[in-house]
Amino acid sequence: MNKYMKFAKELSDENLKTNAGGPFGACIVKDGKILGKGSNNVLSNNDPTAHAEIVAIREACQNLNSYDLSGCELYSTCYPCPMCLSATIWASIKKVYYGN
């Protein structure tokens, strides 16, 4: 298993213990560096958009001070939903890796 996918799975596993949301984790990587990470926070934030992928994209954008995540890769523990895939497209992320 790829180390970034393993990291996303660890986020998912930790999230299961908190009941913050579903068992999902994600991270955004560029040039071997994790720029953003997230787990599903829908329940804890009362925010239906707080999916792991969205949380990770938001953090990466803040860290880069840009909405353009060209050259970044998304690692997710699950196939991204339509909302998360749309955010990936809008952020110009071209590579998405997901688990089952």
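Results, tabulated for the structure shown:
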item	result
Among Ala52, Ala20, Ala60: highest mean-square fluctuation, GNM of the chain, C-alpha pairs under 10 Å	Ala20
Selection from Gly36, Gly71, Cys61, by position along the positive dipole direction of the chain (Cβ)	Gly71
Estimated 222 nm signal from helices in the chain, with DSSP H stretches of n ≥ 4 weighted -39500 (n - 2.57), rounded to 500	-12500 deg cm²/dmol
Least to most buried among Ile54, Ile34 (fewest other Cβ within 10 Å first)	Ile34, Ile54
Correct choice for Cα extents along the principal axes in Å that was computed from the model, options (1) 50, 39, 22; (2) 32, 30, 23; (3) 90, 33, 23	(2)
Computed lengthening from Tyr79 to Lys17, 0.36 nm per intervening residue step minus Cα-Cα distance	20.2 nm
Dipole of region 3-98, positive direction: furthest Cα of Tyr98, Thr49, Leu85, with charges on the beta-carbon	Tyr98
Charge dipole (debye, nearest 20) of the chain; +1 at Cβ of Lys and Arg, -1 at Cβ of Asp and Glu	220
For Tyr4, Tyr98, Tyr75, order by how many other beta-carbon atoms lie within 10 Å, fewest first	Tyr98, Tyr4, Tyr75
In region 3-98, lysine pairs with alpha-carbon atoms under 23 angstrom apart (chain gap of 8 or more, or interchain)	25
Leu35 long-range amide H proximity, modeled H, under 5 Å	Ile28, Val29, Lys30
Under 5 Å, built H, 5+ apart or other chain: amide partners of Tyr97	Leu74, Tyr75, Ser76
Linear extension gain, Lys6 paired with Ser86, 0.36 nm per residue minus alpha-carbon span	26.4 nm
The chain: most fluctuating residue of Ser76, Ser12, Ser66 per GNM, C-alpha cutoff 10 Å	Ser66
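A short reminder: the numbers here are calculations on the coordinates, not readings from a lab. Note that the coordinates shown come from a computational prediction; the quantities given were computed from them, not determined experimentally. For neighbour counting, all protein chains shown are included, and Cβ atoms are generated from backbone atoms with ideal geometry for every residue, glycine included.
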